[in-house]
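*Asks:* Quick one: the structure is below, and I'll ask about it shortly.
Coordinate-derived values only; no laboratory data. Note that the coordinates shown come from a computational prediction; the quantities given were computed from them, not determined experimentally. Backbone-built Cβ (ideal geometry, glycine too); neighbour counts: all protein chains shown.
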Amino acid sequence: MEELHQEDFKILGDLPALRSLDLRLGHEWAGLPRRFTAAAGSFPCLSYLRMKGYVQPFEFQQGAMPKLETLDSTFLWWEMTQIARNSGGYDLGLRNLSSLKLVTGYVWPRGTGEDRKKAAEAVLRHEVETHRNQPTVRIY
């Protein structure tokens with residue numbers, strides 16, 4: 001998929017029986033929004049979400065994706081380090097995914113310096129470690 005807009009994401013979130021979603025998105029210049037928001041009540045039956053490629057950060061609001069157990073995503077290092085710098089500011093909202101059991105993915109771009117990659121991984125690990133379910137995290 002080359003383009004995905006917030007309105008498209010909202011339409012997908014309104015599908016009542018959607019259980020699995022695999023998004024593979026194009027590049028930065030494909031006109032993607034800065035951030036997607038999964039609103040309260042969206043994706044009521046989704047249990048598996050994969051987002052690969054050039055994925056802007058998602059924000060999971062309280063009550064979104066209540067049955068999501070597995071999140072597999074590309075995590076952009078510069079967005080993750082931005083989260084770390086904005087203490088008390090933007091976060092992914094993983095704590096709002098009440099059924100989360102597993103978070104997997106990789107920090108992109110893969111050629112990122114080791115310090116940047118570790119900083120991004122630390123943000124993701126912190127989000128997962130502070131989750132009430134203590135989901136497993138696998139970063140590759």
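*Asks:* List, in order, the whole-Hz ³J(HN,Hα) value for each residue of region 11-20 obtained from phi through the Karplus relation with A = 6.51, B = -1.76, C = 1.60 and θ = phi - 60°; use x for Gly and Pro.
*Replies:* Values per residue, Gly and Pro as x: 4, 4, x, 8, 6, x, 10, 5, 10, 9 Hz.
*Asks:* Quick one: 3J(HN,Hα) in Hz for region 133-140, Karplus 6.51/-1.76/1.60 with θ = phi - 60°, rounded, Gly and Pro as x.
*Replies:* Taking θ as phi minus 60°, the curve returns 7, 6, x, 6, 10, 10, 10, 10 Hz for region 133-140.
*Asks:* Same structure again: Ranked from highest to lowest mean number of other Cβ atoms within 10 Å per residue, what is the order of the peptides 61-71, 6-16? Walk me through the numbers on the way to the answer.
*Replies:* Values: 61-71: 18.7, 6-16: 13.5.
With the highest mean Cβ count within 10 Å placed first, the list reads 61-71, 6-16.
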